[in-house]
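This report concerns only the one structure given below.
The values are calculated or read from the model by the stated rules, or taken from the named source; none is laboratory data. From a predicted model like this one, the values you see are computed outputs, not experimental measurements. Note: ideal-geometry Cβ built from the backbone for every residue, glycine included; neighbour counts use all protein chains shown.
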Amino acid sequence: MSPIRLLVLGAVRQHGRAHGYQVRNDLEYWGAHEWSHAKPGSIYHALKQLAKQGMLRAYETAPSTAGGPPRTEYEITEKGTEEFFALLRASLTSYDQKTDVLSAAVGFIVDLPREEAVALLRQRLAAIERWKADVLERYTPEKGPEALGHIGEIMNLWVHSAVAGAAWTRGLIERIEHGAYTFAGEGPPFIGVLRNQDLHLTSREPRG
């Protein structure tokens, strides 16, 4: 799964209505260009494709005062909202996704109700534990990776990744259960977006 669809849909949804430059700058502000394939070309391509698929609605605004072409603004549709939440839930529960997919999902986790976010993370934790148990049926850490030749290092990596992933997930669950962050339905969320080409963090009232 590529995170670009989730990132673009989520960024447009946060603005309500946004043009490509705003989406690009938001994702760069979040550092997505460093940990994912959210490069300018990919972002603009995703915007156009999502509009063709009916997940975004495109509007042409007036040409710039400098005489440039009309700027296209995008608004998420009902179909796009359904896709956004489907991608978000899948990205939070799948243990075998790349870090960029999980990072994108964590960036939008507060768009879910608190109880659902915890439930999805518990599903992720259970999947990680099943994966680790499966690896340990073929690999015994006490004997060391050398017992399986250099291939044992692969299983050693998997076990360490599972342990680290489970510890991180448990920590996040605990923080959420103890009241960290503002989730859907709890009040104005804390969102980092660009306004008037300035970088800053802002709060907004939930859209109806």
#### Entry: Ala62 being of a type in the set (Gly, Ala, Ser) and modelled with pLDDT of 85 or more
no
### Summary
In region 124-151, residues that are in a helix (DSSP H, G or I) and modelled with pLDDT under 85 total 9
## Note on the structure
Scanning region 104-138 residue by residue, those buried (at least 20 other Cβ atoms within 10 Å of the Cβ) and among the aromatic types (Phe, Trp, Tyr) turn out to be Phe108
## Note on the structure
Restricting region 1-22 to residues that are polar (S, T, N, Q) and within 16 Å of Gly41 (Cα to Cα), the one surrounded by the most Cβ atoms within 10 Å (Cβ to Cβ) turns out to be Gln22
